[in-house]
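Written out below as structure tokens is the structure these notes cover.
The values are calculated or read from the model by the stated rules, or taken from the named source; none is laboratory data. Please read these numbers as outputs of a predicted model, since none were measured by experiment. Positions of Cβ are backbone-derived with ideal geometry, glycine not excepted, and every protein chain shown enters the neighbour counts. To get the accessible areas, we keep the full protein, side chains included, count just its heavy atoms, and leave off ligands, DNA and RNA. Shrake-Rupley method; radii C 1.70, N 1.55, O 1.52, S 1.80 Å.
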Amino acid sequence: DAGVTQSPTHLIKTRGQQVTLRCSPKSGHDTVSWYQQALGQGPQFIFQYYEEEERQRGNFPDRFSGHQFPNYSSELNVNALLLGDSALYLCASSPSGGPWYQETQYFGPGTRLLVL
Amino acid sequence: AQKITQTQPGMFVQEKEAVTLDCTYDTSDQSYGLFWYKQPSSGEMIFLIYQGSYDEQNATEGRYSLNFQKARKSANLVISASQLGDSAMYFCAMRRPYSGGGADGLTFGKGTHLIIQP
């Protein structure tokens, strides 16, 4: 049973560039959430996708956008990169359909983004 | 707004000893869930244990147990018989039901770096 997978594992970009990160959810999961984890901090919620739509969003600017495909995989796009966007980006998937408290999120290994 | 506080930036514990990692939370919601995740140096967040706000018994999962004290708004993680492989960052997190169905994104604390010494 494959877990959550993310690509690429590492990425180096320069300021002003755009980046796309990819996530495949765990088998049986249809909801994908993205988090940003700066060095020495806990992850911060960016947004959540369900049924190919953004269902919820954390406190992140519009430079952060996403997409969910019919097979439930997801992309995170960041435009006009800033030095402060350097972080570990984590994708988490969860199942829907049951009570909310059964929607435990399972995380992928993350993508480490460095902006120079 | 929800907030998670973890007051122990780092802990050193002898192998085979029990360890308690502290977590306090702040929320005005009646319904919420509390989670603990382990993050090794590789970066992946590993789910350990869950406690619901309405659960009357403390959650247990193998060597992990959650000491839930609702009135004090604390949800401490207890690891029994610690092992060298337990060395990692540990994060406490909270989630609540979302008005549109499903659940909110997780709110995390800053974490505790646990080091198990032989």
For a distance above 18 Å, tell me the whole-number percent of Cα pairs in chain B that qualify. 48
Subtracting the Cα-Cα distance from 0.36 nm times the residue separation, let me have the gained length for residue A:20 to residue A:53 in nm, one decimal. 10.1 nm
Here, residue B:80 and residue A:69, labelled 7 Å along Cα→Cβ, have an inter-label distance in nm of 4.5
List every residue whose amide H lies under 5 Å from the amide H of residue A:54, counting only residues 5 or more places away in sequence or on a different chain, with H placed 1.01 Å from N in the peptide plane. none
Heavy-atom accessible area of residue A:9 with all protein chains present, probe 1.4 Å, nearest 10 Å²? 80
What is the sum of charges, Lys and Arg at +1 and Asp and Glu at -1, for the other residues whose Cβ falls under 9 Å from the Cβ of residue A:93? 0
What ranking of A:100, B:36 comes out by heavy-atom accessible area, probe 1.4 Å, highest first? A:100, B:36
Taking the full set of protein chains and a 1.4 angstrom probe, give the accessible area of residue B:17 in square angstrom, rounded to the nearest 10. 90
Log10 I(q)/I(0) at q = 0.13 Å⁻¹ for the protein assembly as shown, from Debye over equal alpha-carbon scatterers, is -0.78
Whole-Hz Karplus couplings 3J(HN,Hα) for the stretch B:77-83, θ = phi - 60° and coefficients 6.51, -1.76, 1.60, Gly and Pro as x, run 8, 10, 10, 8, 6, 4, 10
With θ set to phi - 60° and the Karplus curve 6.51 cos²θ - 1.76 cosθ + 1.60, what are the ³J(HN,Hα) couplings of the stretch A:83-94 in order, to the nearest whole Hz, using x for Gly and Pro? 4, x, 7, 5, 5, 8, 9, 10, 10, 10, 10, 8
Pseudo-spin-label distance residue B:117 to residue B:18, built 7 Å along Cα→Cβ, given in nm, is 2.1
Taking chain B, how many lysine pairs are there with alpha carbons less than 23 Å apart, if each pair must be eight or more places apart or span two chains? 10
Determine how large the accessible area of residue A:64 is when every protein chain is in place; take a 1.4 Å probe and give Å² rounded to the nearest 10. 0
With label points built 7 Å along Cα→Cβ from the Cα atoms of residue A:102 and residue B:5, find their separation and express it in nm. 3.6
